[in-house]
Structure formats: structure tokens, C-alpha cells
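Structure, as C-alpha cells:
The values are calculated or read from the model by the stated rules, or taken from the named source; none is laboratory data. As the structure is a prediction and not an experimental result, all values here were calculated from the model. Cβ sites come from the backbone with ideal geometry, for glycine too, and all protein chains shown count toward neighbours. Keep in mind that these areas ignore ligands, DNA and RNA; they rest on the heavy atoms of the full protein, side chains included. Shrake-Rupley method; radii C 1.70, N 1.55, O 1.52, S 1.80 Å.
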Amino acid sequence: MKLLVTGGAGYIGSHIVWQAQQAGLECTVIDNLSTGLGDRVSCEVAQIDLAAESAIGQLEKLLSKGFDAVIHLAARKQVGESVEKPELYFKDNIGGLANLLLAMRSTSHHKLVFSSSAATYGMPNKDSVSEDDPTTPINPYGQTKLIGEWMSANAKQWGLRAVSLRYFNVAGTGKAGLADTAALNLIPIAIGQLRAGKSPVVFGNDYPTPDGSCIRDYVHVNDLALAHIAAVDYLGRESRPFDVFNIGTGKGASVIEVLDELKKVSGLNFQYEVSERRAGDPPKLVANVDRMEKELGLKARYGLTEIIDSAWNL
Ligand SMILES: NC(=O)c1ccc[n+]([C@@H]2O[C@H](COP(=O)([O-])OP(=O)(O)OC[C@H]3O[C@@H](n4cnc5c(N)ncnc54)[C@H](O)[C@@H]3O)[C@@H](O)[C@H]2O)c1
């Protein structure tokens with residue numbers, strides 16, 4: 001089976017390529033290397049900017065080689081930057097997907113796995129969110145992910161079958177060389193601060209949670225990578241035009257619990273600072289994973305300790 005993985009030189013994409021290759025699948029990567037690193041993967045890397053005007057022709061040429069499914073990860077992902085520079089997010093995340101869909105249509109490629117995000121839910125006020133809960137993203141990044149889902153769903157008109165995976169907080173490292181270099185969420189940020197001799201920061205300790213800090217659902221990047229392979233499999237056996245799955249563990253950990261675990265794993269008895277709440281942080285964001293477990297046949301294999309241990313050591 002041949003997979004085309006856009007954004008495959010990125011943190012998550014390179015884990016997908018690695019695991020797909022281990023499962024005997026052949027991969028080709030498209031990446032503009034804006035944040036990705038070509039040496040993360042050992043397969044063909046086509047350097048294409050998906051959002052460029054020239055992309056459709058380049059994509060059609062590449063797709064004419066024939067692929068069984070496309071996994072689309074290439075996107076910008078910084079929430080704060082998306083508020084400052086929304087146009088860039090609409091150009092790359094929406095424009096890039098539009099070009100990809102046009103090229104898939106003209107080359108008769110009908111299976112897509114789309115990288116979505118829990119950011120599509122916005123600020124849910126629930127213990128856990130399910131795929132049928134309202135989607136009310138509160139920043140341009142989350143909006144581009146929701147629009148991407150609509151675009152993928154609407155492409156059923158020409159026969160596309162798509163699965164959208166709403167990732168929760170992705171962290172950890174599968175093997176040396178594939179680590180997240182972006183430091184945009186708690187675990188890599190806290191590790192970076194410790195390595196720089198600084199104290200990690202807890203933004204807000206007055207949330208309505210047991211220890212007052214925000215609760216998130218941390219999913220190991222290896223479990224997430226496997227979910228993409230399961231989604232390709234699902235597209236091969238199911239005929240529904242569009243489905244959405246949360247990808248998480250179904251369990252929450254607070255910021256303070258994460259930092260306590262980091263103390264154990266690192267052996268450093270560090271202090272953390274407490275700062276003001278950040279705008280747009282829901283107190284609790286945990287996935288309901290019933291659909292993932294039932295329909296994709298997946299259950300998270302790794303917990304917080306393995307996530308932090310791999311992020312610290314690899
Ligand atoms: N990391 C997370 O916690 C998280 C959570 C939810 C969703 N996601 C989504 O997962 C996907 C991958 O995220 P990641 O963490 O691996 O980020 P990443 O930045 O490491 O990977 C994104 C890859 O896409 C490439 N890219 C970006 N714009 C491109 C373009 N216009 N044309 C071609 N290539 C382009 C980058 O060079 C990079 O290799 C993104 O769509 C992101 O929104 C990530």
C-alpha cells in the first residue's frame with residue numbers, strides 16, 4: 001500500500017511515516033520544510049508548498065504515480081500566531097487543502113485522512129467532549145481546522161471519503177531524531193525551560209479543577225501515529241463519506257500533575273512559578289474516546305509517565 005503524507009517531515013508526520021514503514025507501507029512525503037526537517041524521514045520528500053499557486057500542477061504530477069490514500073498534516077499550528085496573522089492560516093491551512101483536494105479530484109484519489117484538532121471545540125464546559133458536541137472554535141487556527149473538516153465532508157460530491165482526526169494534546173517522542181522541536185505545548189515548553197535553567201510556569205491556579213490548574217488529555221505521538229494507519233484501514237473497509245474521531249486517552253492530567261511527573265522522570269526537584277490565566281484556555285479539555293475505541297479498534301497504549309519519559313530522554 002502506498003501513502004502520500006503531506007507535512008510528513010514534521011513532528012507528527014515523521015512518526016506516522018516511521019510507523020507506516022514499520023507496518024510495511026510505502027510512503028512519499030510532501031513538505032515545504034517550513035518547520036519540518038527532511039532528515040526525519042527515510043523516503044522520498046517532494047518539496048512542494050501546498051498553498052502556492054503552482055502547487056496544483058506539482059501535486060497532480062506526483063499523484064499521477066498513484067497512491068492508496070493521502071494523509072494531510074501540512075499546516076501552520078500556532079494558536080497565538082493565528083490570532084496575530086490570520087491570513088497566513090487561511091492561506092496555508094485552507095488554501096493548501098483546497099489545492100490538495102483539487103489535485104486529488106483530477107487524479108481520482110478518493111481517500112483522505114485529515115489532521116484536525118480539539119481546538120475545533122473551543123471552550124467546552126464538560127467533563128469530556130464527544131465528536132457530536134458543538135464545535136465553536138475561538139481562534140483562527142481552530143477555525144481553519146473546522147473549515148478543513150467541512151471541505152473534506154463536502155468533497156463527497158465527487159466521491160471523496162475522508163476521516164478527520166481531532167487530536168488532543170500530542171506529546172512524547174517515538175524515537176531519537178523525531179522529537180517535537182516547536183515547544184508549543186506544556187511538556188516541551190517545560191522541558192525547554194528546565195534545560196535553560198528556568199522554572200516552568202503554571203498559567204492560572206484558580207480554575208475550577210481539583211488543584212486549580214488546567215486539565216488536558218495528553219496522547220503519546222506513537223498512539224496518534226497508529227490512529228492514522230487505523231484510519232486508512234477504516235477507509236478501506238467502510239463506505240461512509242465522512243467521519244470524525246477524537247484521538248486522546250480519555251483521561252485528563254492537570255498542569256501541576258504533569259510538572260510533578262516531570263520532577264519524577266527528570267530527578268530534578270524544581271519549583272514552578274504561577275502566573276495569570278491565559279486568554280482562551282478552557283479549564284478542562286478531555287476526549288471522549290468511545291468512537292475511537294469502537295470504530296477504529298484503538299486504545300491508547302501509553303500514559304503520562306511514558307509520554308514525559310520519552311520527551312525527556314529521546
Ligand atoms: N502537535 C499538536 O499537538 C497538534 C494538535 C492538533 C493538531 N495538530 C495538527 O497536526 C499537524 C501536524 O502538526 P505537527 O505538530 O507535526 O507540526 P509540524 O510543524 O512539526 O508539522 C507540520 C509540517 O507541515 C509542513 N508544512 C507547513 N505548511 C506547509 C505548506 N504550505 N506546504 C507544505 N508543507 C507545509 C511543515 O514544514 C511541517 O513539516 C498539523 O496539521 C497540526 O495542525 C497538531
Which residue, Gln47, Gln157, Gln19, has the most motion in a Gaussian network model of the chain that connects Cα atoms within less than 10 Å?
Gln157
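With respect to the cross-link table entries Lys2/Lys251; Lys65/Lys294; Lys65/Lys156; Lys85/Lys299; Lys111/Lys251, which display a Cα-Cα separation exceeding 29 Å? Walk me through the intermediate numbers first.
Values: Lys2/Lys251 34 Å; Lys65/Lys294 34 Å; Lys65/Lys156 23 Å; Lys85/Lys299 37 Å; Lys111/Lys251 31 Å.
Too far apart for the 29 Å limit: Lys2/Lys251; Lys65/Lys294; Lys85/Lys299; Lys111/Lys251.
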Furthest towards positive pole of dipole, Ala183, Gln193, Gly10, structure part the chain, Cβ charges:
Gly10
Suppose we look only past 20 Å in the calculated P(r) of the stretch 16-150. What percent of the Cα-Cα pairs does that tail hold?
51
Three-way shape label, the stretch 141-287, alpha-carbon gyration tensor, a/c 1.5
prolate
Across 20 Å bins from 0, what is the distribution of all Cα-Cα pair distances for the chain, in whole percents?
34, 59, 8
Averaged per residue, the 1.4 Å probe accessible area of the stretch 102-233, protein heavy atoms only, in Å², is roughly 38
Report Rg(Cα)/(2.2 N^0.38 Å) for the stretch 250-314, keeping two decimals.
1.39
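Might you report the magnitude of the Cβ-based charge dipole of the stretch 228-268 about its Cα centre, with Lys and Arg at +1 and Asp and Glu at -1, to the nearest 20 debye? Walk me through the intermediate numbers first.
Values: 5 positive and 6 negative charges, 10 e Å.
Here the stretch 228-268 has a charge dipole of around 40 debye.
Where the only charges are on Cβ atoms (+1 Lys, Arg; -1 Asp, Glu), what is the dipole of the stretch 237-314 about its Cα centre, to the nearest 20 debye? Could the numbers behind the result be given before it?
Details: 12 positive and 13 negative charges, 44 e Å.
Around 220 debye, computed over the stretch 237-314.
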If the elastic network links every pair of Cα atoms under 10 Å, which of Lys198, Lys251, Lys91 fluctuates the most in the Gaussian network model of the chain?
Lys198
Placed amide H near Val5: partners under 5 Å, 5+ positions off or other chain:
Thr28, Val29, Ile30, Ile71
May I have the convex hull volume per residue, in Å³, for the Cα set of the stretch 142-226?
153
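What is the stretch 89-181 by shape, rounded, prolate or oblate, if you read a ≥ b ≥ c off the alpha carbon gyration tensor as root eigenvalues and call it rounded for a/c under 1.5, prolate for a/b larger than b/c, and oblate otherwise?
Details: a/c = 1.84, a/b = 1.26, b/c = 1.46.
Oblate, since a/c reaches 1.5 and b/c is not below a/b.
According to the square roots a ≥ b ≥ c of the eigenvalues of the Cα gyration tensor, what is the shape class of the stretch 1-73, taking rounded for a/c under 1.5, prolate for a/b larger than b/c otherwise, and oblate for the remainder? Walk me through the intermediate numbers first.
Numbers: a/c = 2.23, a/b = 1.22, b/c = 1.82.
Taking the square roots of the gyration eigenvalues as a ≥ b ≥ c, the stretch 1-73 is oblate.
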